[in-house]
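Some notes on the structure that comes next.
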Amino acid sequence: MLKQFFILCSGSDTAILENCSKGEQNKYAGIGATVFFTAVMAFVAASYALYTVFDNWFTAVAFGLVWALLIFNLDRFIVSTIKKRDSFVKELIQASPRLILAIIIAIVIAKPLELKIFEKEINQVLLEEKNTLTQNNQNQIAAQYAPEIKGLQQKIKTNQTEITNKEAEVNSLYNTYITEAEGTKGSLKLGKGPVYKEKREKHDALLKELQLLKTDNKTKIDASEAKISLLKGEYKTKVGNTQPIIDNYDGLMARVNALNKLPWLPSFFIFLLFLAIETSPILAKLLAPKGEYDFRFEEAEMTVENRVLQKENEFNKLLKADAAIQNRVYDDIAEEDELYNYKKQKAQDLIQLRTDSFFNFHKKGL
C-alpha cells in the first residue's frame with residue numbers, strides 16, 4: 001500500500017509501471033517518497049512562517065496545508081514531465097527550467113525552517129534592535145517637546161533671577177540705611193536723621209516691589225512648571241502608546257532581516273540540504289540510464305503518435321478527394337447551356353432593377 005502511494009506521488013504511469021520489474025517500481029517509489037517528504041517539509045515550513053504572521057495556529061496550519069499541496073503538485077509535475085532522451089545534453093536542456101523552479105522552491109521551503117532553527121539567535125538580534133528602536137523612539141519624541149520645555153525652564157530661570165536681583169537690591173538698601181543709623185557710612189552721623197529716613201523709605205518702597213515681584217513671578221513660575229509637567233506627561237503617554245509597536249517588532253520580515261545579520265555559512269548549508277532534497281528526484285531521473293519503464297512509456301507514446309499521424313494522413317487524403325470531386329461537379333455544371341441562360345437572365349433583371357432605382361432616385365431630386 002505504501003509503495004503504491006509513493007509510486008502515485010512520483011507521477012508515473014501506474015498502468016505501465018505495473019508491467020515493469022520490481023527494481024523499476026522501487027526506483028519510482030523512491031522518487032515519489034522524495035516528492036512526498038518535500039511536501040511535508042513545505043507544510044512545516046509554511047505553517048511556522050504563517051504563524052509568525054497571523055499568530056494563530058489554526059490559520060497557519062490551514063494555509064500551510066494548501067502550500068504543501070501546491071508544492072507537492074509542482075514537484076510531481078516536474079518529475080513526471082522529464083523524459084529520458086538519447087542525449088544527456090537534450091535531457092539537461094529539458095530539465096533546466098524545472099531545476100530553476102526546484103531551486104526557487106528549495107529557497108522558499110528552507111527560509112522558514114532556518115527561522116525556526118536559529119530562533120534563539122534571532123530573538124537576541126531582535127532584542128538588540130528593539131532596544132535601539134526604543135531609544136531612538138524616545139529621542140525622537142523628546143525632540144518634539146524639548147524646545148518648548150527648554151523655553152519654559154529658561155522663563156523660570158529668568159523669573160527667579162529677577163527675584164534674586166531684586167532681593168540683592170533690597171538687601172543693599174537695608175544695609176545702607178542701617179549703617180546710616182549707626183553712623184558708620186553715609187553722613188557718618190549717629191541716629192535716625194533725615195538721610196536715614198530717606199534711605200529707609202526707599203528701602204521700604206523697594207521691599208514692596210520685591211513682594212509684588214515675588215507674587216507675580218511665583219504665578220508665572222507655577223504656570224511654567226505646570227506646563228512642563230503637562231508636556232512631560234504627554235511625552236510619557238506618547239512613548240507608552242508607541243512602545244507596543246516596537247514590542248511587536250518580531251514579524252516575518254523582521255525575523256528574516258535578523259537572520260541575514262547572523263553568520264551566513266550555517267544558513268547556506270541548510271539551504272544546500274533542502275536544495276539537494278528538492279532536486280534529487282530530477283537528478284535521479286537525469287543520471288539514471290533508460291529503464292524498462294522509459295522504453296515502455298516511449299513505446300506507448302510512439303503508438304499514440306503513429307495513430308494520430310495515420311488519422312491525420314487519412315483526413316488529408318479525404319479532403320483532397322472531396323475537393324477533386326467538387327471541382328469535377330462544378331466543371332460539369334459550367335458546361336450546361338440551360339444553367340447559363342438562366343443565370344444570364346437573372347443578371348439582366350438585376351441590372352435593370354439597379355438602373356430603374358438610380359433613375360427614380362435622381363428624378364425625385366429634381
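The values are calculated or read from the model by the stated rules, or taken from the named source; none is laboratory data. Since this is a predicted model, take the numbers as computed values, not measurements. For neighbour counting, all protein chains shown are included, and Cβ atoms are generated from backbone atoms with ideal geometry for every residue, glycine included.
Scanning region 179-229 for residues that are within 30 Å of Tyr145 (Cβ to Cβ) and either surrounded by 13 or more Cβ atoms within 10 Å (Cβ to Cβ) or at pLDDT below 60 (or both) gives Leu213, Lys214, Asp216, Asn217, Lys218, Lys220, Ile221, Ala223, Ser224, Glu225, Lys227, Ile228. Just wondering, is there one or more residues in region 57-72 that are touching a residue at least 12 places away in the same chain (Cβ under 8 Å), in contact with a Ser or Thr (Cβ under 7 Å, 6 or more places away or on another chain) and surrounded by fewer than 19 Cβ atoms within 10 Å (Cβ to Cβ)? The answer is yes; a qualifying residue exists. If we scan region 221-231, do we find a residue that is at negative phi, touching a Phe, Trp or Tyr at 6+ places or on another chain (Cβ under 8 Å) and part of a helix (DSSP H, G or I)? Checking region 221-231: at least one residue is at negative phi, touching a Phe, Trp or Tyr at 6+ places or on another chain (Cβ under 8 Å) and part of a helix (DSSP H, G or I).
Remark: pairs (first residue in region 108-133, free of Cβ contacts under 8 Å to residues at least 60 places away in the same chain and crowded, with 17+ Cβ neighbours inside 10 Å; second residue of a type outside the set (D, E, K, R) and assigned to a helix (DSSP H, G or I); Cβ separation under 6 Å; 6+ apart in sequence or on different chains) are absent. Give the residues of region 330-340 that are surrounded by 10 or more Cβ atoms within 10 Å (Cβ to Cβ) and part of a helix (DSSP H, G or I), sorted by residue number. Correct list: Ile333, Leu339, Tyr340.
Inside region 73-104, residues that are over 12 Å from Pro281 (Cβ atoms) and of a type outside the set (Asp, Glu) make up a count of 17.
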